[in-house]
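The next block holds one structure in the form of structure tokens; read it before the comments.
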Amino acid sequence: TQLLEQSPQFLSIQEGENLTVYCNSSSVFSSLQWYRQEPGEGPVLLVTVVTGGEVKKLKRLTFQFGDARKDSSLHITAAQPGDTGLYLCAGGGSNYKLTFGKGTLLTVNP
Amino acid sequence: KAGVTQTPRYLIKTRGQQVTLSCSPISGHRSVSWYQQTPGQGLQFLFEYFSETQRNKGNFPGRFSGRQFSNSRSEMNVSTLELGDSALYLCASSLGQPSSGGYTFGSGTRLTVV
């Protein structure tokens, strides 16, 4: 059974601080996706990384896929209240399904 | 373009009843996946359909079933509802290529079993 563990589970920070969320597995995934979910809504795709060692930057967000394609991290620079939400990592493979971590609930206080 | 549409948004059912949830994918997307989200277990994969064929099924009892129509719309059915079936049911559509395809999720159907 493939499992993804996210840490931390909860994170509460002040506006302007930096943070990193981690996603680790003992299994290899073909791709790693990050989603953000707001209360009462479905997850929204932020990024997909497919190559070991790949780094993608989207404005203040930096995503990294581990060399062995078993782990990933999400780094947010100068967090803003609008970044508040549940961040989910999900591993994809050739079996037409995503394996999700349980998420990191981020609260950015003004 | 229109997003993924799930209906209904909210549903309250009694134990023992059955329920049918609907999902209309993004136009041109032929893959529809279903996930159950609960506070304790997070998002868990139910099943995936592509061109009316189920390609994968998660570890859920046979009370959970689904199907996909020729227009790619999908339905899932839960029979003999249990209290533990209360959850947010999410549907996601994609082009269907494994591993690298991004998924677009609907807003979900919040099912409460009483």
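The values are calculated or read from the model by the stated rules, or taken from the named source; none is laboratory data. Treat the numbers as computed from the prediction; the structure is a model and nothing was measured. Note that we place each Cβ from the backbone using ideal geometry, even for glycine, and neighbour counts take in every protein chain shown. The protein model used for the area step is the full one, side chains on, heavy atoms only, and it has no ligands, DNA or RNA in it. Shrake-Rupley method; radii C 1.70, N 1.55, O 1.52, S 1.80 Å.
Sorted from largest down, give the three principal axis spans of the alpha carbons of the range A:29-91, whole angstrom values.
Taking max minus min along each principal axis of the Cα atoms, the range A:29-91 gives 33, 25, 13 Å.
Compute, for the range A:1-66, the length of the dipole vector about the Cα centre, with Cβ point charges of +1 (Lys, Arg) and -1 (Asp, Glu) only. Units Debye, rounded to 20. Write down the numbers at each step before the final one.
On the way: 5 positive and 6 negative charges, 52 e Å.
With only Lys, Arg, Asp and Glu charged at Cβ, the dipole is about 240 debye.
Between chains B and A, what is the buried accessible area summed over both chains (1.4 Å probe, protein heavy atoms, nearest 100 Å²)? Walk me through the numbers before you get to the answer.
Values: alone 6110 and 6160 Å², together 10520 Å².
Using a 1.4 Å probe on protein heavy atoms, the buried area is about 1800 Å².
Using a 1.4 angstrom probe, figure out how much accessible area chain B has per residue, in square angstrom, rounded to the nearest whole. If you can, show how the numbers build up before the last one.
On the way: 5230 Å² over 114 residues.
About 46 Å² of surface per residue is accessible.
Viscosity 1.002 mPa s, temperature 20 °C: what is the translational diffusion coefficient of the range A:1-107 from Stokes-Einstein with a Kirkwood Rh over Cα pairs, rounded to a whole number of µm²/s? Mind dumping the intermediate values first?
On the way: Rh = 13.7 Å.
Translational diffusion coefficient: 156 µm²/s.
Count the lysine pairs in the protein assembly as shown whose Cα atoms lie under 19 Å apart, taking only pairs 8 or more positions apart in sequence or on different chains. Walk me through the numbers before you get to the answer.
Numbers: A:LYS56/A:LYS70; A:LYS70/A:LYS97; A:LYS70/A:LYS102; A:LYS97/B:LYS57.
Eligible lysine pairs with Cα atoms under 19 Å apart amount to 4.
Test of understanding: what is the full-extension gain from A:SER94 to A:GLU15, defined as 0.36 nm times their sequence separation minus their Cα-Cα distance?
Working: separation 79, 0.36 × 79 = 28.44 nm, distance 3.94 nm.
Additional length available on full extension: 24.5 nm.
At each listed q (0.12, 0.20, 0.24 Å⁻¹), what is the log10 of I(q)/I(0) that the Debye formula gives for chain B modelled as equal alpha-carbon point scatterers?
Taken in order of the listed q values, log10 I(q)/I(0) reads -0.37, -1.04, -1.45.
Taking +1 at the Cβ of each Lys and Arg and -1 at the Cβ of each Asp and Glu, which of A:SER73, A:THR104, A:THR20 sits farthest along the dipole of chain A towards its positive end, judged by Cα position relative to the Cα centre?
A:SER73
Which value, in debye to the nearest 20, gives the size of the charge dipole of the protein assembly as shown about its Cα centre, when Lys and Arg are +1 and Asp and Glu are -1 at the Cβ?
On the way: 20 positive and 14 negative charges, 107 e Å.
Charge dipole, the protein assembly as shown, about its Cα centre: 520 debye, nearest 20.
What percentages make up the Cα-Cα pair-distance distribution of the protein assembly as shown when the bins are 10 Å wide from 0?
8, 33, 35, 19, 4, 0
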